[in-house]
């Protein structure tokens, strides 16, 4: 393979990994605010505006404002349906507090221009055939545009999987707290206090919205909408119905917890049944050839060196 082609592929992979690492290591807004307050509290005096600005990291002082400006431009240029769909995907990924839809669209176009420009600079002057150049450069542009969307889709699936896994245990804790005499809101606060995952963050947002004056059923519906998980939607519908009809929430939570544990066991059994089929391809193409080489290789070498094979062919 041509060295320039390998270089282009390596740069694309490195940029993709860099985008994923920056996305994963981006601090939450609450963590950044707590760190700034702790830093300012350690000064022991009133901080000036310049000190407040310098206390922010470089990404917050320079990169994020520039990205917001570019995002505002793309927000006006991008069709409304694209902005709505991007905002919805960011909600499902739990990133609405970190990045806006216009900023995400701007990142897609910026990465597209960067990867396409790198490919044009490296592949354009090379001695590759024109067909390969016409294939590599548009592929780099397309990769730069679709790579953030692919990362966002994987982030959505990861968040939903984490919520599904933690939901039965959270319902068990809610049931125990409610049966012990706590209210439903206090039980949610206990879950938020004990755990630090995507589900507890969603419960914390529900409590925050309730404190701001929103009705409990509206806050729970908003939580279900930002997850798009059937189990969560069923749980929210059961809680809202119990609240409206005056049914004991403890009994509803007990039933929901039992159902969630049954569904978790069914999912584990389903994955166990799919495992042999998924293992078939690596077994056939990776393990069997190695076994054939180990078992038949010495016999083939013995036949070839003993001259028996030449005798059979000659006969």
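The values are calculated or read from the model by the stated rules, or taken from the named source; none is laboratory data. Keep in mind the model is a prediction, meaning the values are calculated, not measured. Here Cβ is always computed from backbone atoms with ideal geometry, including for glycine, and neighbour counts include all displayed protein chains.
Tabulated data
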| item | result |
| --- | --- |
| Subset of the stretch 178-206 [out of contact with any helix residue (DSSP H, G or I) (no Cβ under 6 Å at 6 or more places or on another chain) and under 21 Å from residue 95 (Cα atoms)] | 195, 196, 201, 205 |
| Which numbered condition residue 228 fails, given (1) assigned to a helix (DSSP H, G or I); (2) surrounded by fewer than 17 Cβ atoms within 10 Å (Cβ to Cβ); (3) touching a helix residue (DSSP H, G or I) at 6+ places or on another chain (Cβ under 6 Å) | (1) |
| Checking residue 290 against (1) more than 26 Å from the chain's Cα centre (by Cα); (2) surrounded by 11 or more Cβ atoms within 10 Å (Cβ to Cβ); (3) modelled with pLDDT of 85 or more, the condition it does not meet | (2) |
| Among residues of the stretch 73-96, those that are touching a helix residue (DSSP H, G or I) at 6+ places or on another chain (Cβ under 6 Å) and modelled with pLDDT under 80, counted | 3 |
| Residue within the stretch 116-136 that is closer than 30 Å to residue 236 by Cα, within 30 Å of the chain's Cα centre (by Cα) and surrounded by fewer than 17 Cβ atoms within 10 Å (Cβ to Cβ) present | no |
| Output for the stretch 67-98, where each listed residue is within 26 Å of residue 222 (Cα to Cα), in a helix (DSSP H, G or I) and free of Cβ contacts under 8 Å to residues at least 24 places away in the same chain | 80, 81, 82, 83, 84, 85, 86, 87, 88 |
| Residue within the stretch 295-314 that is farther than 23 Å from residue 156 by Cβ, at pLDDT 85 or above and surrounded by 10 or more Cβ atoms within 10 Å (Cβ to Cβ) present | no |
| Residue within the stretch 123-140 that is assigned to a helix (DSSP H, G or I), assigned by TED's automatic domain parsing to the domain that holds residue 72 and closer than 30 Å to residue 227 by Cα present | no |
| Unique match (being within 16 Å of the chain's Cα centre (by Cα) and either crowded, with 19+ Cβ neighbours inside 10 Å or part of a helix (DSSP H, G or I) (or both)) among 168, 148 | 148 |
| Which numbered condition residue 247 fails, given (1) more than 22 Å from residue 164 (Cβ to Cβ); (2) in the same structural domain as residue 172 (by TED's automatic domain parsing); (3) assigned to a helix (DSSP H, G or I) | (3) |
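Conditions (1) free of Cβ contacts under 8 Å to residues at least 60 places away in the same chain; (2) buried (at least 19 other Cβ atoms within 10 Å of the Cβ); (3) closer than 21 Å to residue 263 by Cβ, marked per residue:
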position: 164; (1), (2), (3): no, yes, yes
position: 176; (1), (2), (3): yes, no, yes
position: 181; (1), (2), (3): yes, no, no
position: 195; (1), (2), (3): yes, no, yes
